[in-house]
Every structure is written in C-alpha cells, then in structure tokens.
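Inspection log for the structure reproduced underneath, given as structure tokens.
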C-alpha cells in the first residue's frame, strides 16, 4: 500500500517536472552598439536580455534591460545552416532606419527573424 502511494507521488512529480521544462523560455544576451528599431520601437545602445517562448513562426520576443521590458514583438525562430560564432544582429538599412531583421546567438544553430523570410542562412560576406 505504501509503495503504491510513493509510486503515484513519483509519477506526479515527474509529470510536473516535464511540463515545466516544456514551457521553459529561451534567453539570449545582446549588445546593441547603435540606435536601432525593433518592430517600430526604439532601442538605445546598451545591453539587452532577449526572452521568448517556444519555436516556430510565432514567438513573442521581449527585449529586457534589467527587469524592465523595453520592446516586444512577434518573431520567427529559424534554423541556420551552421551555428553562429558570436551573438549578433542583422540590421536592415533599406528603409532609412537601422531596423533589426535578425538576431543570432553564439554557438546556436537558430536565429530570431523579425519580418518576412523564407530561410536564414549563414553568410561569409561573399556574393555567390
């Protein structure tokens, strides 16, 4: 009888542990060196912590400075051909403003893409 109760407790504990890890958020650090736009929101130069939940086409990304959220938007998590060597931001200057289009994380084979894209690829800076 006691063994049955212990087994139920262990199973319940494992279920809670697995459920909490399934909903764990992802994080990444980012250093911004110039004023940037992120989904129409202004980001000043400085250190930011990015937080998002899930994977796929619709993740909510929050740019945090300390405990303060300074920007939030929907992004897409895309797989890269190879891991990024450093944390970096891909900036689009075509609109006349420096707008974040992609955020990559050192050692990770994924990126956060803001705006439309088919596939993110690692580039060595040469045109092919």
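Only the coordinates and a few stated rules stand behind these numbers; no lab work does. Worth saying up front: this structure is predicted, and the values here are computed from it rather than measured. Here the Cβ is made from the backbone with ideal geometry for all residues, glycine too, and neighbour counts use every protein chain on show.
Within region 81-102, what residues put their amide N at less than 16 Å from the label point 7 Å along the Cα-to-Cβ vector of residue 34?
Residues 88-102 fall inside that zone.
Just the Cα atoms of region 25-113, one point each, no solvent: what log10 I(q)/I(0) does Debye give at q = 0.24 Å⁻¹?
-1.37
Going by how many other Cβ atoms sit within 10 Å of their own, how do 110, 48 line up, fewest first? Display every interim value, and only then the final one.
Working: 110 17, 48 22.
Arranged by neighbour count, lowest to highest, 110, 48 become 110, 48.
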